[in-house]
Amino acid sequence: AAEYLQSERSEGRVGGMFDVGLQAFTPVQARYDVVWCQWVLSHLTDDDLVAFFKRCTTGLAPGGFICVKENVAGTSYVVDSEDSSVTRSASVFESLFQKSGLSIIEKQTQTDFPDGLFEVKMWALQPK
């Protein structure tokens, strides 16, 4: 990633890079207006995901949001044996948001995807 973003970093368009797994990432306290999570949460266990959201909450500036965009399964979980990812249902995600102390401010479904793919949902979340 460092090589890929080298020009953006030298131009000051990328403020920082964190070469660490999400299960260990801890943001700077009260720094971010938005923490954006897109198509990466399927590699965390439910417990690691709740812990990640709780850590991200501490990194939010007042009024900040955590935004999630992920594939969703029609049943509770779909496990991919090739890459060990887990696709969760919308209800499982929303239960995990609740356990993390997050409120759903807005949610939407991505439209115009080809048939045969997982549905994609997006949530804007804030701490309760």
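All of the numbers you see were taken from the coordinates with simple rules; none came from a lab. Note that the structure is a prediction, hence the values are computed from the model and not measured. With ideal geometry, Cβ positions are generated from the backbone for all residues, glycine too; neighbour counts draw on all protein chains shown.
Numerical summary
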quantity	calculated
Peptides ranked, highest mean first, by Cβ atoms within 10 Å: ranges 46-54, 111-119	46-54, 111-119
Selected from V79, Y4, G59, residue furthest toward positive end of dipole (the chain; charges at beta carbon)	G59
Hydrodynamic radius by Kirkwood, which averages 1/r over all alpha carbon pairs of the chain, in angstrom	15.8 Å
Rel. contact order, % - alpha carbon contacts under 8 angstrom, at least six apart, the chain	24 percent
Computed helical MRE - 222 nm, the chain, DSSP H runs ≥ 4 contributing -39500 (n - 2.57), nearest 500	-6500 deg cm²/dmol
DSSP-defined antiparallel bridges as percent of all bridges, the chain, nearest 5	70 percent
Net dipole in debye of the chain [+1 Lys, Arg Cβ; -1 Asp, Glu Cβ; about Cα centre; nearest 20]	660 debye
